[in-house]
1. Binning every alpha carbon pair distance of the stretch 5-114 at 5 Å from zero, what are the percents per bin?
2. Using the Karplus curve 6.51 cos²θ - 1.76 cosθ + 1.60 with θ = phi - 60°, work out ³J(HN,Hα) for each residue of the stretch 141-150 in order, rounded to whole Hz, and write x for Gly and Pro.
3. Alpha carbon centre of the stretch 190-259 versus the stretch 82-103: separation in Å?
4. Which shape class, rounded, prolate or oblate, goes with the stretch 60-147 when its Cα gyration tensor gives a ≥ b ≥ c as root eigenvalues, a/c under 1.5 marks rounded, and past that a/b bigger than b/c marks prolate?
5. Of the beta bridges DSSP finds with both residues in the stretch 5-114, what % are antiparallel, to the nearest 5?
Amino acid sequence: MGESDEVLEARRLDRAGRAIEVLVVVKAAPQPSRHYGDTVCVAGIALDPLRWVRLYPVPFRYLDDVQQFKKYDVVRVRVRHPGQDGRRESLKVDAQSFETVRHLKDWRQRAPFVEPMIGGSLCGLQRDVAVDPNATSLAAIRPSGVVALDVRKHKGWTEEQVTRFRDFAAQGDLFRDYEPRMLDAPRLRATLVFGCEDRECRGKHRLGLIDWELTAAQVRFRALADADLEVVVRDRFWQRMYNPGKAPALFVGNQEDPRRRRQYVLLGTYYPSRSLINPVSDGHEAATLF
């Protein structure tokens, strides 16, 4: 998908280094990091002009309270060239420069920013990156139907992730006044199964969910047994987001490794009411996705 000259110029200035304002729509679950202990990938919509941006690395757990932010906050942050990451949305950030400007508290305030960014399909994204690995790597897509949320036991951190944290802990730091502790892996993982609007799609898609809120919910309800915890997860990430009264869109992104660019993950869900997105004035109910 091509970008306007205005957006291309904004991206050039972003990479040259400057402060920008971003509506945060994604905070991915923390992952072990060799340099920071654990980091969070943040994605959002940069303002004026609207464009997708990926902000990394963000050692969120170690930021001062005044620098921490929530989803749907508009933040101001200094960004620069992402180094070897060729994905056009990616930017490195000065994590200490985060400043919250305002919070968009409801879907009506968020829709003018998010709705213009929704479009395309997962099949289309995968076709594009097969041709150009640096094609669109962040998007919001509306599924043709959502089939299921598959919740299973998490297998724990991979050997590579454990090694990253051990390397971080072994580095030593004169300014670090705490003993590094590796984050516990979440107990449950979730995969969304959904249909695609692309005419060439041959079946259902399955995307793993890595939303920060999935991990946070498991921490909050850690005293529950696995079966009861699954009920909480299904309520928050299935019934609440994909019920017939909602018009969900999926925030999706791919991986930095050029060999894995066709592998997208589900970063989060935008789920305003259907009546907000498609107002019905004649008394008839709007058609549902289900």
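1. Whole-percent P(r) values from 0 Å outward: 2, 12, 24, 26, 19, 12, 4, 1.
2. Calculated HN-Hα couplings, in order: 10, 9, x, 7, x, 10, 9, 6, 10, 8 Hz.
3. Here the two parts' Cα centres lie 25 Å apart.
4. Judged from the Cα gyration tensor, the stretch 60-147 comes out oblate (a/c at least 1.5, b/c at or above a/b).
5. Around 90 percent antiparallel, to the nearest 5.
Bear in mind these aren't lab numbers, they're just calculated from the coordinates by the rules spelled out. Please read these numbers as outputs of a predicted model, since none were measured by experiment.
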